[in-house]
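Asker: Can you read through this structure? Questions will come right after.
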Amino acid sequence: MSDNGIDVNDVQMEERHPRQLPTRTILLILGTLVLVVAAVVVGISNRAATTSTDDATTVTEQDLTPLEQVDAQCQSSATDNWWRQHVLIGDEGRTMIIETEGEEEDGIGWDKLMCIVNGLEASDSWLAQFGATRALDGTQHGGWDGYSATWSYHPRSGATLVIEEDAS
């Protein structure tokens, strides 16, 4: 018998077994681990993709056509989504389609249009023809050194201008 009056022989020794986690808890821990590993892998691959995209962008910027260069310069203050609704580049950078604002239609303003045509060094003669176009005139054709242009105008919808780089 011990000092506190308990017979040591009467006390049954509990066998100690390691506590087992329920299957649900194990699956939850494994699932969390998988998600963390996946997030790390995706983060690393996104960083690698961004780096290679930045490298590709640098190379591409050096190879921009004159229309693409002017597009990038004149777009600077407009959001890309809004700009792309009104200024499109096509034919591998050899064509630009522009919609200007009218009384009832949204489009680029006169200042942005002048940025584009001045950036492409439009002739004074072409600028005068373009500026004198009336709705009754229908579709007009003209151009300047290195470019051909087709345009129409209506006060309500604005002008639609297609500029094409002449084949060299």
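Asker: Trypsin sites (Lys or Arg not before Pro) within the stretch 96-168: which are DSSP loop residues with at most 11 other Cβ atoms inside 10 Å?
Answerer: ARG134, ARG156
Asker: Starting from one equal scatterer on each C-alpha and no solvent at all, send me the Debye-based log10 I(q)/I(0) for the stretch 66-165 at q = 0.17 Å⁻¹, two decimals.
Answerer: For the stretch 66-165 at q = 0.17 Å⁻¹, log10 I(q)/I(0) is -0.71.
None of the figures in this text is laboratory data; all of them are computed from the coordinates on show. Since the model is a prediction, treat every value here as computed from it, not as a measurement. Reconstructed Cβ throughout: ideal geometry from the backbone, glycine too, with neighbour counts over all protein chains shown.
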